[in-house]
Ligand SMILES: C[S@@+](CC[C@H](N)C(=O)[O-])C[C@H]1O[C@@H](n2cnc3c(N)ncnc32)[C@H](O)[C@@H]1O
């Protein structure tokens with residue numbers, strides 16, 4: 001199995017994923033509602049994390065549907081949800097039940113995957129003809145113009161560290177072309193950026209993430225304690241408003257129905 005940089009067994013990871021669910025599920029579920037998935041549908045979510053979206057899908061596709069949630073590591077996934085099937089797998093290993101699903105979705109996963117294009121091929125191959133494929137990934141464009149300059153400097157070095165880890169924080173903008181190249185039709189994409197201030201959910205999310213990774217960030221030589229402390233102080237300051245990520249949601253339909 002490939003390694004995932006924010007290991008689920010690290011202290012605080014359960015809370016960090018719960019925060020991600022709180023911050024991103026409304027957008028993700030709204031996109032799914034727009035695609036029109038209802039009772040009896042078969043859905044697949046890859047890289048489900050704690051499984052909050054798949055648990056919501058399990059309720060939505062009842063009665064008669066199947067909600068399958070896949071991750072490299074299911075140790076933090078919600079268990080015992082009626083209609084929800086958890087499955088441990090690596091999306092790079094191949095499609096999940098080829099050609100079976102009415103909806104295939106992945107959020108905040110592909111930027112961590114060594115070969116994102118190969119992963120998207122496997123996601124699309126898991127969908128039946130006519131099915132919807134919905135991908136949601138970050139694009140750190142807003143971080144490159146963040147204020148004040150020391151926060152921009154923090155993000156510049158964070159991005160240098162992440163490139164060294166094989167993380168692609170600018171993958172969002174590439175999603176629509178990826179889906180088009182694979183022959184999907186009705187491809188559409190939008191990006192949504194949260195504006196947040198110190199003390200808010202996003203600030204707490206970043207504080208938690210940076211604290212989890214702090215030792216590795218410093219050891220890499222890309223970030224030092226001074227810059228990290230400056231950033232963490234901003235995250236606690238309600239007067240500081242900022243933007244970090246545009247989340248691109250790209251969707252299309254598999255041809256052939
Ligand atoms: C940043 S978390 C996002 C979790 C969830 N989708 C969310 O947005 O809250 C990335 C998840 O993708 C999973 N993951 C990473 N690489 C994967 C792969 N090759 N196959 C399946 N899951 C993978 C990780 O284990 C982790 O749970």
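Every number in this text was worked out from the coordinates using simple rules, so none of it is lab data. If you're wondering where the values come from, they're calculated on a predicted model, not measured in any experiment. Backbone-built Cβ (ideal geometry, glycine too); neighbour counts: all protein chains shown.
Here are the numbers for the structure shown:
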read-out: Shape call, the stretch 1-136: gyration tensor on alpha carbons, a/c limit 1.5; value: oblate
read-out: The chain - mean residue ellipticity at 222 nm from DSSP helices (-39,500 (n - 2.57) per run, n ≥ 4, rounded to 500); value: -12000 deg cm²/dmol
read-out: Helix axis angle, 116-125 relative to the chain longest principal axis, alpha carbon, degrees; value: 20 degrees
read-out: Residue 237-residue 215 FRET efficiency (beta carbon distance; Förster radius 35 Å; 0.05 resolution); value: 0.90
read-out: Relative exposure of 226, 181, 253, judged by other C-beta atoms within 10 Å (fewest first); value: 226, 181, 253
read-out: Segments 235-244, 54-63 sorted - mean Cβ within 10 Å per residue, highest first; value: 54-63, 235-244
read-out: Isotropically averaged projected area of the stretch 13-253, using the convex hull of Cα atoms (one quarter of hull area), nm²; value: 12.3 nm²
read-out: Acute angle (nearest 10 degrees) that the helix 13-35 long axis makes with the longest principal axis of the chain, alpha-carbon atoms; value: 50 degrees
read-out: 0 to 90° range, to nearest 10: angle between helix 201-219 axis and the chain longest Cα axis; value: 70 degrees
read-out: Zone residues, the stretch 78-94, relative to residue 25, backbone N less than 20 Å from point 7 Å out along Cα-to-Cβ; value: 78-87
read-out: Order of 195, 28 under a 10 Å beta carbon neighbour criterion, fewest first; value: 195, 28
read-out: Linear extension gain, residue 89 paired with residue 145, 0.36 nm per residue minus alpha-carbon span; value: 16.4 nm
